[in-house]
Amino acid sequence: MRSSTRFAVLVVCIGCWISYGPPLAHAQAGAVDRQFDRGAGMPTSMFGSYIREGELLVYPFYEHYRDRNLEYKPEELGYGSGQDFRGSFRAHEGILLVSYGLTDRLALEFEAAVITARFEKAADDLSGTPAVIEESGTGDVEGQIRLRVLDETERRPELFTYLEAVSPQQKDKLFISTPDWEFKGGVGVIRGTRVGTFTARAGAEYLLDGQSWDLGEYALEYLKRVSPAWRLYGGFEGAQDELSLVTEAQWHFADFAYLKLNNAFGLTAKATDWAPEVGIMVSHFPGR
């Protein structure tokens, strides 16, 4: 069994444990403020970020990608050889996420990006692959529907689900393209405890061009409010055979906005080595 598959199974097992934990934990749960770390909202697709009914979230952010051992085959790039090589990849991406809480159980999200990327082929790659490939243009353009299925109680966690669609972009590009429609979905559970808030989620994806299902994103997450202004996040997130450690600090410097400082570190060979992110999440309640 691949390490990514084992981790996905572990996510499901921990999610079940969160959902049906030991009776002693339930018995001692009376004094716990379950929403102390996260507040009253339901989870968005952004780490450690939640949305309330009637709330509009606008999140412009920048993300950098650096990978010194990107696996590729020249034949997949149109240059003949089927041998695996490890190249270098860097990218800069500007992203805008907009989310709106229709109700306390239903939220919509829209996300669009622009990206500039640079690929350098491996030194031992003697195929016709260009030494350097540079690309730029629109990145992912996607939308999500997010649903709170069950509220958290003293005896059970919150249960949520989501559906996502990613539209085709840059079909003629090699490294920044989304060749065809991608559809993703998943479920997750959230449990607030005295020591912090835990989330486990797992999903699947359907690729229209390949007409195939595959393992989607899976994650174990932890969020802790350490002061009125600061929250800390840590988690393991993966997709297929890519697994990363994600850390984040959030500075809530105003009632309507907070700074997110995020880093992702690749733990498996196919995961991006380093992906820092910085942005400001702005909250607004239209009509108030």
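Numbers below:
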read-out: Residue count, the stretch 147-193 (criterion: out of contact with any Lys or Arg (no Cβ under 6 Å at 6 or more places or on another chain) and either closer than 14 Å to Arg38 by Cβ or among the aromatic types (Phe, Trp, Tyr) (or both)); value: 9
read-out: Positions within the stretch 218-270 being of a type in the set (S, T, N, Q) and free of Cβ contacts under 8 Å to residues at least 24 places away in the same chain, in sequence order; value: Ser227, Thr247, Asn263
read-out: Single residue of the stretch 266-288 satisfying the filter (part of a loop (DSSP other than H, G, I, E, B) and under 26 Å from Thr103 (Cα atoms)) that is modelled with the lowest pLDDT; value: Arg288
read-out: Selection within the stretch 117-134 - under 12 Å from Tyr79 (Cβ atoms) and part of a strand (DSSP E or B); value: Ile133
read-out: Number of the exception - Gln169 against (1) within 30 Å of Ala131 (Cβ to Cβ); (2) at pLDDT 95 or above; value: (2)
read-out: Elements of type strands (runs of 3 or more DSSP E) contained in the stretch 192-265, each with 1 or more residues being β-branched (Val, Ile, Thr), touching a helix residue (DSSP H, G or I) at 6+ places or on another chain (Cβ under 9 Å) and on the phi < 0 side of the Ramachandran plot; value: 196-207
read-out: Residue among Gly80, Gly15 that alone is under 26 Å from the mean Cα position of the chain (by Cα) and either outside any strand (DSSP E or B) or at pLDDT 85 or above (or both); value: Gly15
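Condition check ((1) without any contact (Cβ under 8 Å) to a residue 60 or more places away in the chain; (2) surrounded by 16 or more Cβ atoms within 10 Å (Cβ to Cβ); (3) part of a loop (DSSP other than H, G, I, E, B); (4) aromatic (Phe, Trp, Tyr)) across all residues:
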| residue | (1), (2), (3), (4) |
| --- | --- |
| Ser136 | yes, no, no, no |
| Arg156 | no, yes, yes, no |
| Tyr162 | no, yes, no, yes |
| Asp172 | yes, no, yes, no |
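The values are calculated or read from the model by the stated rules, or taken from the named source; none is laboratory data. Keep in mind that what you see is a predicted model, and the values were worked out from it rather than measured. Neighbour counts run over all protein chains shown; Cβ positions are idealised from the backbone, glycine included.
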